[in-house]
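Data first, discussion second: the structure below is written as structure tokens.
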Amino acid sequence: MDRAYAYIKVNGTADYSIITEVLGPDPTSYWNVGDKRRIGSEYDFSHWAFESSDFEGVFVDEVLEKVIGFIDAKKLDFSKIPEGYEAVIQIAGWHK
């Protein structure tokens, strides 16, 4: 079966909690500069990500509509993200 999913991520060099403050939802994954990776090295960037099973579907356009609907419903304002961060909506798909 074909499957597509998406997530919202924001990377930068300051504390990830700043992104939670300006966007609203608690992240589903996060770390800060200097936090330890599982392999022992340290992250050289901070990361905030929000994933949801609601962001899944068979077709990429269906998934994109779900993410945009979430952004609209939550009134996420990406213009409030401070300078030095980069926001991305990542969509991945698997097809047989």
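The values are calculated or read from the model by the stated rules, or taken from the named source; none is laboratory data. Since the structure is predicted, the reported quantities are computational estimates derived from the model, not experimental observations. As a convention, Cβ positions derive from the backbone with ideal geometry for all residues, glycine included, and neighbour counts pool all protein chains shown. We work out accessible area using only protein heavy atoms, side chains counted, and drop any ligands, DNA or RNA first. Shrake-Rupley method; radii C 1.70, N 1.55, O 1.52, S 1.80 Å.
So how tilted is helix 60-74 from the main axis of the chain? Cα-based, degrees 0 to 90, rounded to 10.
Helix 60-74 sits at roughly 60 degrees to that axis.
For the chain, which whole-number percentage of the solvent-accessible area (1.4 Å probe, protein heavy atoms only) is attributable to carbon and sulfur atoms?
The value for the chain is 50 percent carbon and sulfur by accessible area.
What whole-number value in Å² describes the accessible area per residue of the chain for a 1.4 Å probe? Intermediate results must be reported in sequence, preceding the final value.
Working: 6220 Å² over 96 residues.
I get 65 Å² per residue for the chain.
Count charges around Asp15 for me, please; just the other residues with Cβ under 13 Å from its Cβ, Lys/Arg as +1, Asp/Glu as -1.
Charge balance in the 13 Å sphere: -2.
Sort 87-94, 48-55 for me by packing, meaning the mean count of neighbouring Cβ atoms within 10 Å per residue, highest on top.
Values: 87-94: 13.0, 48-55: 17.5.
Highest-to-lowest ranking by the protection proxy: 48-55, 87-94.
The list (i) 25, 13, 10; (ii) 20, 13, 13; (iii) 25, 18, 10 gives values of semi-axes √(5λ) of the Cα gyration tensor in Å, and only one came from this structure; which label was calculated from it?
Looking at semi-axes √(5λ) of the Cα gyration tensor in Å for this model, the match is (iii).
If you place +1 on the Cβ of every Lys and Arg and -1 on the Cβ of every Asp and Glu, how big does the dipole about the Cα centre of the stretch 49-96 come out, in debye to the nearest 20?
Dipole about the Cα centre, nearest 20: 60 debye.
Which residue, chosen from Tyr30, Ser41, Phe55, occupies the Cα position most advanced towards the positive end of the dipole of the stretch 1-84, where the dipole is computed from +1 (Lys, Arg) and -1 (Asp, Glu) charges on Cβ about the Cα centre?
The residue sitting most towards the positive pole is Ser41.
For a quick check of understanding: with a 1.4 angstrom probe and all protein chains in place, what accessible area in square angstrom does Glu56 have, to the nearest ten?
Ignoring ligands and nucleic acids, Glu56 comes out at about 70 Å².
Where does each of Thr28, Thr20, Thr13 land when they are ordered by accessible area, with a 1.4 Å probe and the largest first? All intermediate terms of the calculation are to be shown ahead of the outcome.
On the way: Thr28 75, Thr20 25, Thr13 105 Å².
Per-residue accessible area, sorted high to low, gives Thr13, Thr28, Thr20.
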